[in-house]
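Undergrad: The following block contains the structure, expressed as structure tokens.
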Amino acid sequence: MKKYEVMFIVKSAQESADIKKCAESMKTIVTDNKGKVVDFNELGEKKLAYPIKKEISGYYYVMHIEADNAARSELDRKASLNENILRHLIIRLDEE
């Protein structure tokens with residue numbers, strides 16, 4: 001399994017329970033596809049550098065995962081389809 005760092009921004013113009021539910025759904029996608037969430041951090045609400053989909057702030061999350069290519073692809077696909085996620089980025093970490 002390969003190690004990845006996933007960062008995503010959730011719309012802040014919704015209830016806090018919905019924001020947490022969206023973040024939890026990202027963790028669920030990884031575990032459902034036989035991946036493992038090693039670390040999960042909520043960085044809090046931050047102002048965006050520029051408006052994204054008419055939003056000026058968002059909740060930032062970073063998680064470190066261990067997953068195969070199929071799980072990473074499914075996470076990328078579902079994050080792109082989720083309308084509550086403004087942006088996401090998946091980076092493969094170097095082997096140590």
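Undergrad: From (1) β-branched (V, I, T); (2) in a strand (DSSP E or B); (3) loosely packed, with under 15 Cβ neighbours inside 10 Å, pick out the condition that doesn't hold for T28.
TA: It is condition (2) that T28 fails.
Undergrad: Quick check on this structure: which one of V62, V37, V30, V10 is among the β-branched types (V, I, T) and without any contact (Cβ under 8 Å) to a residue 40 or more places away in the chain? Spell out how you get there, then give the answer.
TA: Details: V62 fails: without any contact (Cβ under 8 Å) to a residue 40 or more places away in the chain; V30 fails: without any contact (Cβ under 8 Å) to a residue 40 or more places away in the chain; V10 fails: without any contact (Cβ under 8 Å) to a residue 40 or more places away in the chain.
Among V62, V37, V30, V10, only V37 is among the β-branched types (V, I, T) and without any contact (Cβ under 8 Å) to a residue 40 or more places away in the chain.
Undergrad: Right, another one. So, in segment 31-60, exactly how many residues are on the phi < 0 side of the Ramachandran plot, outside any strand (DSSP E or B) and out of contact with any Leu (no Cβ under 9 Å at 6 or more places or on another chain)?
TA: Pass one, segment 31-60, residues on the phi < 0 side of the Ramachandran plot: 31-33, 35-43, 45-52, 55-60.
So of that shortlist, the ones also outside any strand (DSSP E or B) come out as 31-33, 35.
Now narrow it down to the ones that are out of contact with any Leu (no Cβ under 9 Å at 6 or more places or on another chain): 31-32.
Final tally of qualifying residues: 2.
Only the coordinates and a few stated rules stand behind these numbers; no lab work does. None of the values given here were measured: they were computed from a predicted structure. Cβ: placed from backbone, ideal geometry, glycine included. Neighbour counts: every protein chain shown.
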